Amino acid sequence: MTEIPTHALLITGFVTVMMVVVEYLNVLSSGQWQRRLSQQRWGQHLYAALLGAIPGCLGAFAITTMSSHGIVTLGVLVTTMIATTGDASFVILTVVPRQALLIFAILLLVSVGVGLLIDVFWRHRKNQSSLACKGLRAHNKYSCVI
């Protein structure tokens, strides 16, 4: 029973760190990567599918953070969630590695297709930015030192 709070805190901490990393990258690049990514619709979907295909949940958390700030579209978020197998991908890769690669490739193709369709149909609805915050802020007067 004590494992549940421990796992909940671990997952919450991981999500928080992921969100901070995305914010830090935005400040470090003075918003350049955010502008480039938001201008390339096809590139967003491919990037999101590849991040989703990475074993684990890192890519899904990163794209979710970008979606909550309005950097990527709803279709891009859906692309990531379809392509993501999460932590189960470690088991799948261990048990059936050849079939796992086929499954990941199929998920990647399907996710990009569905994400693009959602963006096409969603475009006719209200402005997508009304669902999210108004982007990530780059505080130009501060500089990041690595």
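The values are calculated or read from the model by the stated rules, or taken from the named source; none is laboratory data. Remember, it's a predicted structure, so these values are computed and weren't measured experimentally. Reconstructed Cβ throughout: ideal geometry from the backbone, glycine too, with neighbour counts over all protein chains shown.
A few notes on this one:
- Condition check for Leu93: touching a helix residue (DSSP H, G or I) at 6+ places or on another chain (Cβ under 6 Å) and either at pLDDT 85 or above or in a helix (DSSP H, G or I) (or both): yes
- No other residue among Thr6, Thr80, Thr12, Thr64 is surrounded by 15 or more Cβ atoms within 10 Å (Cβ to Cβ), free of Cβ contacts under 8 Å to residues at least 60 places away in the same chain and over 21 Å from Leu109 (Cβ atoms) apart from Thr64.
- The numbered conditions (1) over 22 Å from Val110 (Cα atoms); (2) touching a residue at least 60 places away in the same chain (Cβ under 8 Å); (3) assigned to a helix (DSSP H, G or I) are all true for Gly70 except (3).
- Residue in segment 31-44 that is part of a helix (DSSP H, G or I), surrounded by 12 or more Cβ atoms within 10 Å (Cβ to Cβ) and modelled with pLDDT of 85 or more present: yes
- Here Arg137 clears all of (1) surrounded by fewer than 16 Cβ atoms within 10 Å (Cβ to Cβ); (2) at pLDDT 75 or above; (3) closer than 19 Å to Met18 by Cα except the condition numbered (2).
- Out of Val21, Val76, Val17, sole residue that is in contact with an Asp or Glu (Cβ under 9 Å, 6 or more places away or on another chain) and either part of a helix (DSSP H, G or I) or over 26 Å from Trp122 (Cα atoms) (or both): Val76
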